[in-house]
Every structure is written in C-alpha cells, then in structure tokens.
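Just so it is clear, none of the values below were taken in a lab; they were calculated from the coordinates. Computed from a prediction, not measured in an experiment: that's the story for all the values here. Every residue, glycine as well, gets a Cβ built from its backbone with ideal geometry; the counts of neighbours run over all protein chains shown.
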Amino acid sequence: MAFGLCATAMAQQQDSIKSSTLGEVSIQARAENMSRLGGAENGMNIGQGELFRAACCNLGESFITNPSVDVNYNDAAVGARQIKLLGLSGQYVQMLTEGQPNSVGATLPYSLGYVPGAWMKSISVSKGASSVKNGPQSITGQINVEYLKPEDDPAVSLNLYSDSRLKGEFNAAVNRHLNKHLSTILMAHYEHDFGHHDDNGDQWLDSPALRQLHLMNRWYYAKGRYIMHAGLGFLQEERQGGQVHHVENPFRIRLDARRMEAYMKHAYLLDQEHNTNIALLANGSLYNLDGTFGSKGYGTDQLNFSSQLVLEHEFNHDHSLSTGLSLHVEHADERLLLAEQGDRAWRETTPGAYVQYTYKPSYKFTAMAGLRADHSSLNGFYLTPRMHLKWMASDHITLRASAGLGHRSVHPLAEYHYILASGRTLDMAHGVVSVQPMTLAEQMHFQPTLESALNTGLSAAFYIPVGDRTLTLNAEYYYTDFIDQLVVDYDSDPTAILLDHLHGKSYSYTAQVDATYEPSDEWSLLAAFRYNHVMCTYGGQLMEKPLQSRYKGLITLGWKPLMGIWQVDLTLSLNGGGRMPKAYTSADGTPSWEDEFPAYPQINLQVTREFRHFSLYIGGENLTNYRQPHPVVGAADPYSATFEPTLVWGPVHGIMAYAGLRMNL
C-alpha cells in the first residue's frame, strides 16, 4: 500500500534463502531482529528484537549494533547527535516517519532525540538513491521509522530507564480497540538529566542537561476497502549546558524547543485483484526554537507541511506502477543575534510529481525505475531520475545495483545554528552570507542552496550453507559525487567558519563487507568492516573531509541460553582515525590541536532477563573508558576567538552503566 500497509510489509521481507530449510521459529526470530530488505533497494530492516539488544533510549542510540550507520555528537556544547551513512553527514539521509518526511530545517540537529526508542516498532535503512515516492531529498539513503500501531494487539507497555549519569526516563504506551473498526494508542515519554558532569575537569559540562516531554495520540480506522491513520503529537525540550556554575561570568548555552505535529493517511482499495489503491497522505508541524550561545542567539518559528496523493496499480504479476503528486511547504521566521539583531523570513513551496515503474518477471529479477519533477519557489525546477536492479543469480547469490540523483534545499542558519557556540567568526560568503563588510541585516537576505549529488552503488549478498545453518556475507560499494553542495569550511581560515557553495570537487566512496552467522539457536554473530574515503574542496584545495573516521570495524555477539530466558549482547567496535581541520597557532607557537585524531575502541555490554510479562536489563557503554582528550578547545576562555566546542570526533563520556525495566501487559 502507498502508506506502509501491505506493500511496505512485502518490500521489507528478507531475501529468499532456501526458505524450505528454515523452520517457523527461525523465521520469526530473524524477523524480530535484523533482515535484509527484499525489494530492489539495498538495506536492512531492524526489528524490536535488534533494538532491544541495547538501551536504545532514542533513534540516535538505535544503531549501536548496526554496521552501516554511525552516530556521533555534532559538538560538545549542545549535545546534538547526527548519523552518518556512506561516509556523509545525516542531512543527506532522508528521515521518514512511516513514509512521511518529518525532520527538516532547524529540527535536523536534534531530530534523532525526538524519536523515543520505546515507541519504535522497526527501522528500515535503505542505502543509496532510494525510491522517488517520498521526495528528492535522499542522497545517501533513507531511514524510515515505524511506530507502535493502534491496530496492534491491545496492551499496556511501560519502559523505565536510569543510568550512572543520573539520567532517568519513563515511557508508556496504552493501546485500546474501541470496536472492530476503530483503535487508538496513547504514548508518553519523559526524560530528565539530573546530573551536571565535568569528568575531565575543564570547567565545561561534558554534555548539556536535558529535559524532554513527548506525547502522541494515534488513531486507526478500517472498514471495507477504506483505511485511515491519524495522530497528534506534542514535544517540549530544554537543554542547558556551558561552563559550570561556580565560574565567574559563565558561558551559558540554553535551547528551548516546542513542537506540535499532526498527520493523516487515507487509503482506498479500488481493485483488489490488481492491488489498485489510492491514498492521500499529509503531515504538518509547528516548531519553535529559542537558543542562547553565550552572547549570541538564534531563534526560529518554523512551519512544515507535506502532502502526497498516490495511485498504485499492478497490471499483472510482471508490471506495476506507482504515481503521485506532492506538495512540500516550509515557512520560517529566523532571529539571529551577533553584535546586532537580524531578522529574516523565508518561504519555500515545492510542488512535485513522480512516476515509478517496477518490472518483476520472476522472483529472481526486479527492475525499478523512477522519475520525479519538482519546482521550488526558491531554487527552480529540477528532475530526479533513479534506477534499481536486483538479480538472484542463484539461490545463494543476490546482486543489486542502483543509480540516481538527489536534491535538497538547505537553509544554512536553520541547519547549522549550533556552530554559533564556536568563538570563530561565522562567515557566509559569496551570496550565502558574509560577516564583513555586509551588515547583519544584509546577511539575513541570502538565498538558500540547492544541493545535488549523483549516487551509484553495487552490492552482492552471498548465502553460504555451513552445516545446517547459513552464513550470510554481504559486500557493497557506493560512490557519491556532488554537483553542488553547501560546504562547512573549517580550513580556509582558522579564525572563521565559512559556509559557502562548492567550488571544485566533493565526493565520497564507501566499501563495506559484513557477515552474519548463527551457529546455533543460542548464538548469533555479526562482523563488519567499512572503509570511507570522503573528499571535499576547501579554499581551492581538495582535501580529506575533517572529523571523518576512515574506517570502522564492528563485531556483535549475542547469546540467548535457557530458551531465551537470558540474553547477553556484546558489541565491540574500532573507529579509525581521520583528519583534523587546520589548527591555529597558540601564543607560544604550538598548534591548538594535532593534524590527525587517532583510532579508538569501544565495548558495550547488556544482559537481559526475560519474564512472562516483563524483562529486566543492565548494561554498560564505552567500557574501554575512552574519551576524546579535549572536546572543548579553549574552554577556559569561551568568549575568545580561539574557543571551539564543535570539533568532536570521539566519545565525550567515559564508562556509563545503566539499568531498565520493560513491561508489556
């Protein structure tokens, strides 16, 4: 179905692997954990079983055991996390909530923390140029989150969490079926950091104290051929960080955010024999952010609205078509405080249309071709063609290939406002922004940038019988070449952060090999290695992108003895070193930081005890106790031009222990 019913479920089935040799229990176990997407797109479906292998307090902490997605802090000031996929930052991944775009503009730096882990039913990660159905924004892939459903079995779910850093969390979900047609679910999330930690003694909080309240009510109605989903959500969050309180004239960071959202999905089955259906989808949000970064400030009132009208039809078993119209609207009123006050309002309206054709003459071969046409009121007209191929060369080998363009409008102040915490000059030049000689009022009238890139990828999955089990080996290669890009340049001037259009080349390629094996019903093993090579032009010179790990190794080991009553999950990772931006020279002639950052290991462990209606879990993160030595550069003088909290490449916290309770009644 167009909005995540039958068609989504079918698309996310794992590839056929001699299914006749697998018992019903084995299939169910794998479906709850992690399986490969079964369609033409390359990726993984992560179920609750896999998510529960770690604490998973929010979406940003859901990829600890995933070999493809990295999550790290943007900086040590606001504590915002971002993902990296195919070696590139998270803004090039299209974030979806049940097939609808839901993270844009000023919400991007914090959106991973806006999705509670206890609310998630599954996560789908597709790599490369994804389907054109959901828009042109996907450049390195799509991540689609499925929430708990109103139509799921009636239940009351509770989740309690606490850790050694004095963070507490409460989650609840109450599902009720009011009659055979109508059901609803009410979900609540509250978290509070009670501690203020400065483990390295630099008089700077390692991460801001956070308090968040998130409520959502979802509804489901189905009668005959008609199906409806709808819901409302409310979020309020406060972040407070900066220097510790006993410092004279402390540098304070405070962010207050409020978000209201609503969505609806209507679908009607026109012809069951040909799976012909029409669907109307819409979602909207109001987001208010007020931020203070020492003597600087940024605020925004942001409105987002997206809608789609989708028609899908299967001509026969071999040929199917999906087509639709879309409308995306972004309105924002921005406030920027540097030495003076500047205000800016921007409006972007983007209508679009797409068509996607799928040819599947047999279960062994699938070809999917799509084309979008969009027109932005700020960036003009652009086309988005994409192509996916899948071929099962045999029962043991599946090959995939993809190619396509991706486009996204970027509004620099909205997406990169957190860099205001830096003491450097914010320099947006060449029509994007400029601090000198333009006045602040003149800066606020810059035009947005349309980023465009071509992504191509190849992957091969091998299913190798080992005894009565199957070893799954996957190898993939992706190349992303930017046509235009907004470049965040730390290198051209060590006293400024330059946001500018791309002048030269920018590209990345990623190669990954991973293997999964279950030697018995009790044991599971995953091993992966990925190499990233990310290059960009800074100040006319093609250089390796800073703060990007060149490689990552990952091993996860799961043990479920005594018929699954106990579960032990161990994750070991090695994050490769990388380049630091060009350093400024201190008064004594020494550089402010090294040219390279080193590789570092991490170990996470969790033990879970299952009972009939609840489970208890305890665990530890970063058991190697490795921390970036000086995540805040110039912490003693945050009002100076040499203050820099945004160059984070590793963990800012040491060992952390946690415990929790999951209950399902």
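If the only charges are +1 at each Lys and Arg Cβ and -1 at each Asp and Glu Cβ, what is the size of the charge dipole of the range 6-664 around the Cα centre, to the nearest 20 debye?
Computed about the Cα centre, the dipole is about 1520 debye.
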For this session: Return the distance in nm (one decimal) between the two label points of a simple spin-label model at residue 464 and residue 425, each offset 7 Å from Cα along Cα→Cβ.
Result: 5.8
Exercise. Along the range 214-226, what does the Karplus equation 6.51 cos²θ - 1.76 cosθ + 1.60 (θ = phi - 60°) give for ³J(HN,Hα), rounded to whole Hz, x for Gly and Pro?
Worked result: 9, 10, 8, 10, 10, 10, 9, 9, 9, 8, x, 9, 9
Exercise. Okay, helix-only estimate at 222 nm for the chain: each DSSP H run of n ≥ 4 adds -39500 (n - 2.57), divide by all residues, round to 500 deg cm²/dmol; what do you get?
Worked result: -1000 deg cm²/dmol
Seminar exercise, completed: Residue span residue 614 to residue 217: 0.36 nm per residue of separation minus Cα-Cα distance leaves a gain in nm of 140.5 nm
Seminar exercise, completed: Relative contact order of the range 6-664 (C-alpha contacts under 8 Å, at least 6 apart) in percent is 11
Seminar exercise, completed: Ranking 555, 538, 44 by how far each Cα lies towards the positive end of the charge dipole of the chain (+1 on Lys and Arg Cβ, -1 on Asp and Glu Cβ), the top one is 44
Seminar exercise, completed: Scoring only Lys, Arg, Asp and Glu (+1, +1, -1, -1) among other residues with Cβ under 13 Å from the Cβ of residue 353 yields +1
Problem set entry | Separation in nanometres of the label points that stand 7 Å from Cα toward Cβ, at residue 149 and residue 317 | 2.6
Problem set entry | Nonlocal amide H pairs with residue 543, under 5 Å, H built at 1.01 Å | 536, 537, 538
Seminar exercise, completed: Per the rule of 0.36 nm per residue minus the C-alpha distance, extending residue 192 to residue 624 adds in nm 152.9 nm
For this session: Among 66, 96, 366, flag the residue with its Cα farthest along the positive direction of the charge dipole of the chain, charges on Cβ as +1 for Lys/Arg and -1 for Asp/Glu.
Result: 366
Seminar exercise, completed: With +1 at each Lys and Arg Cβ and -1 at each Asp and Glu Cβ, the charge dipole magnitude of the range 559-626 around its Cα centre, to the nearest 20 debye, comes out at 420
Problem set entry | Around residue 85: net Lys/Arg minus Asp/Glu count, Cβ-Cβ under 15 Å | +3
Exercise. Once the Cα atoms of the chain are picked out, what are the Rg and Dmax in Å?
Worked result: 24.4, 78
Problem set entry | Förster-model FRET efficiency, 25 Å R0, residue 303 and residue 375, C-beta, rounded to 0.05 | 0.80
Problem set entry | For the range 42-76 and the range 639-659, distance of Cα centres in Å | 20
Exercise. Given that compact globular proteins tend to follow 2.2 N^0.38 Å, what is the ratio of the alpha-carbon Rg of the range 49-151 to that value?
Worked result: 1.01
Exercise. Dimensions of the range 534-581 along principal axes (Cα, Å, largest first)?
Worked result: 61, 13, 12
Exercise. Taking K and R as +1 and D and E as -1, what net charge do the other residues with C-beta under 15 Å from the C-beta of residue 275 add up to?
Worked result: -3
Problem set entry | Extension gain, residue 353 back to residue 475 (0.36 nm per residue minus Cα-Cα distance, nm) | 40.5 nm
Problem set entry | Residues of the range 244-263 with amide N under 19 Å of the 7 Å Cα→Cβ point at residue 236 | 254-262
